[in-house]
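Structure, as structure tokens:
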Amino acid sequence: MSVRVLAFFDTRYQTSPELIRYFGSPDPWAGLRTVRPVSRQHAHLNWPSSLGAYDLADPTQAANVVGMAVKAGLDGFVIDLHPDGDHYLTGAEPLAAWCKPDVFGLAFRLQAGRDTFWTAPASKELQQHRAARLVKALAIATPITAGGSPVLIVDQPDKLADPAQFLAILRDEARNAGLPGLYMIANRAVAAEFGRYGFDAAIDPGPDEWASCKPQNKPSGLNILEIEAGLRDSVEMTDKFFSYSLFAVSRMINREARGKVFPRVFPAYQNWPSHTTGGATVLMDRDGPGSVDRYIYGLFVENAITFAHENFAPDERFVFLESWNHWLDGSQIEPSVLDGDLIYNATRNAIDKGRYMTRTRGERPARQLPSSVHDMISQICDAAAAAGGSGR
Amino acid sequence: MLAGLTITSSGRIERFSFVFGAGAFREHEIFDSANCPPSRYLVEVARRLVLASPNASVLVIGNPLLPLNAEKLTTWLDAVPSSPAIVTDARKFPLLYVLPRGLFDQFERFLLLLSTVDAVADQRLLSLLTGSDVSRVRVDSMDISDFPQSTPTNWFQGEGRQRMLTILTMAAIQTVERTPEWKALPFATYQPYHAGSLLFLNLASRQVPTSFFDKQIVCWSYKDIYQAYPGRQAPLWLRLPWLPRDNSVGELEYLARSLERLGTDIIDNHFIVFMRYSRIYSASPFHLVDQLKFALGDSMSEQGRTVHGQQPLKSARPDLPPRPLKLLFHLAGGWKLKNYRDDHAAAAIMTLKSLGCDITVIDRPDLERLGITSITSNNTQQLTTAAQLNHIFIGVDSFPHHFVRHVLGWPTIGLFANTKPCNSDAKEASDYRALVGHLPCNPCGGHDQCPLFGVSDCANFVNPPQLVSAILDMAHDLYGFTP
């Protein structure tokens, strides 16, 4: 099976009454329309071009979105489960209508930190009830599966009151609903951190949760005094600025050692709209914040695909793309007014290249020697490296 | 970003737009090759147009160097009085070529001689080829200005390279003017250096059933490579040392010296086509052998035509007992970032030695301190002998690696770092593995210093345990060797 590329998708851009109520605005695009940067170091957000300010509730517009994603080589979207009372809203229904097995499907993500039910202790009965609701929300579409089980990403698994019980109950309820189980992915940079609870794999955290290299800005004492005196932009003290290339490269260094952690790739990122009083993460390329280094981004996608191909079992080869339409953090690959279809095309090209490489390379033969030999090799190499190559 | 129109005798116009392919081989994609002149894309677009519109009598082809679509071409077509014609910008940069279908049918490969950067030279050449007047129409509102060194569509054309293309078009004009039997003259590739490129060209030429070329210009200093693995093209020996990698001699200057050295007799009796890089080769996912196959005339429209889509040409094994496991290393490439790190090499070598391996290294006497043997390999014969005395060859992305794998078919492990394996590795098999990290800065184009971290080693090499594991896995699989 080829490496599957799934993009995070924000379903808020629709006029379904439930979503309008949940997000609190009759205009799904109001947030993007009205938000303004308060610093010169925050780039203006972008605006959709060829797909327009779509309404997913309109089947034609939903079909255009899915069609364009398929054309880019994506295998599916990852949709957020929004806790709403005692059930979950996804807004995935308009997209589900256009999904097709083996062509395009949907996976889901639960942001545990935002679901107060799972962060606090509760009786088993209540948990079962809640889990059944969650599983019901997953059952609306052609699912993305691994090992036959629908894929569910759990953000901030450390916030769960009892991760092991959460997994066990959810899997039980999935089986009760007739599913073979759930393929659970923890949002973690190192697979072992939550693997012990029974997660099947992990996914790199987002840029705001895991700074894979040091920030470029580190205000001096003088800078701080200047900021306090109103002589300098305060975001230099409150926000973190990173070089996009270093950020992307450092995520891929020696990543085999992190275990079964699926790569998360992104063309850009700046989440100042959700950090109006500071604390934003801003990635910059040579042209400053908000701009995209398409060269490094394309290679990020391409190398993530070859990495997944070489390191994971055929049915578990995933690369996650942040994002299809997270306009509010500038990571969207949808065609836009400022970038045209450059990022969209860079994504499609990178996926084509990655797939060509993995398709023609075929399956790498399984390791011939037992793992004990490989462990021994590592130990001897370490000892040899410690000896400094002096031949001692 | 490649475009063409077809016009039938009744005046019906059909529009076609194409893009450079990235490995999916869709119908509207054209193979991405860096090793050919821009004019090779004129030929390929013409082929596609004729295939799609067999009754076309006129072919209109946009300049491949420009990001054009079919709609744009139609806006310039109105001003064209007749075929053949060249539409240019306000100066003399060609925007599109209007060619009679018969020219393509009869003289397909002669289109390779068009410079695509100088409409005056191209007009003269087309006049000679067609034996008729060729009109030149200027679009005053469009000024391409100075065509840049690199473009978003991955062309890599400095001013010097554009002058090289024009010089070779002028040479072709001279050839046609001086030689009455010009139609029967052979075509020769101009790719006299470097060792790896020559080897890839010869590999490619053996895989192209119908090539544009009969000859190839080769530096005399690579005679042993040519003799060890000749292609289908006869050599035209160039008695010049190969182009130094330190940029002390420019490519343009080298071409001028080459033409001078080759002499009038060669020039008057051959058509010479530029075959060094015109595009960024690493932007393409295709092997350099495949990129050269396209350059030689293969349309490369199916995955099955590619190096990675086919079985290896040759696979061989040594006649050696399995123990001790004998390994031949080549750790230094053509530039610093291609070299496997000294401390990592030492750690891997010491580990392998402690596990019962017998190690030889090419041209690294400094590593003899580790109790291994360093040998010299100054020619293909020495390299062949050395490889055949070892079970496995382990080499960086450089000529010895490519020769040992592609020509000798020897069990090989490739060590890649700041270049992409897909451009120069071999088909993955039980006796071939390409090892590389997955950093998104690869390929960086750096030579002596990492553009990101400023150091002289590339962080994208695999580490010693990964290298040693790969070697021992292959040795176990092929020879039953267990440490």
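Based on DSSP H segments of at least four residues, each scored -39500 (n - 2.57), chain A has a per-residue ellipticity at 222 nm of -10500 deg cm²/dmol.
With the highest mean first, a sort of the peptides B:37-49, A:296-308, A:41-53, B:159-171 on other beta-carbon atoms found within 10 angstrom per residue produces A:296-308, B:37-49, B:159-171, A:41-53. Less than 13 Å Cβ to Cβ from A:ASP352, Lys/Arg counted +1 and Asp/Glu -1: what total charge do the surrounding residues give? Summing Lys/Arg as +1 and Asp/Glu as -1 gives +3.
Annotation: lysines with alpha-carbon distance below 23 angstrom to A:LYS136 (same-chain offsets under eight excluded): A:LYS100, A:LYS124, A:LYS159. The helix-based estimate of mean residue ellipticity at 222 nm for chain B, built from -39,500 (n - 2.57) per DSSP H run of four or more residues and divided by its residue count, is -9500 deg cm²/dmol to the nearest 500. Charge tally around B:HIS270: other residues with Cβ under 9 Å, Lys/Arg +1 each, Asp/Glu -1 each, net -1.
A straight Cα-to-Cα reach below 21 Å connects B:LYS72 with the lysines B:LYS92, residues fewer than 8 places away in its own chain not being considered. Taken residue by residue and averaged, Cβ atoms of other chains lying within 10 Å of the Cβ of A:345-357 number 5. The stretch between B:LYS223 and B:SER135 holds 27.2 nm of extra length on full extension. This uses 0.36 nm per residue minus the Cα-Cα distance. The DSSP beta bridges internal to the protein assembly as shown are antiparallel in roughly 30% of cases.
Pairs spanning more than 19 Å between alpha-carbon atoms, out of B:LYS353/B:LYS427; B:LYS336/B:LYS420; B:LYS215/B:LYS293; A:LYS353/B:LYS420; B:LYS183/B:LYS293: B:LYS353/B:LYS427; B:LYS183/B:LYS293. Within the shell of other residues whose beta carbon sits under 11 angstrom from the beta carbon of B:SER258, the net charge comes to 0, with Lys and Arg scored +1 and Asp and Glu -1. Taking label points 7 Å from Cα along the Cα-to-Cβ direction, B:GLU71 and A:ALA97 give a separation of 2.9 nm. Take each residue in B:22-31, count the other chain C-beta atoms within 10 Å of its C-beta, and the mean is 4. When peptides A:201-212, B:118-129 are ranked by their average number of other Cβ atoms within 10 Å per residue, the highest-first order is B:118-129, A:201-212.
Readers should treat all values here as calculations from the given coordinates under stated rules, not as data from a laboratory. Computed from a predicted model, the values in this text were never measured in an experiment. Methodologically, a virtual Cβ is constructed for each residue, glycine included, from the backbone with ideal geometry; neighbour enumeration extends over all protein chains shown.
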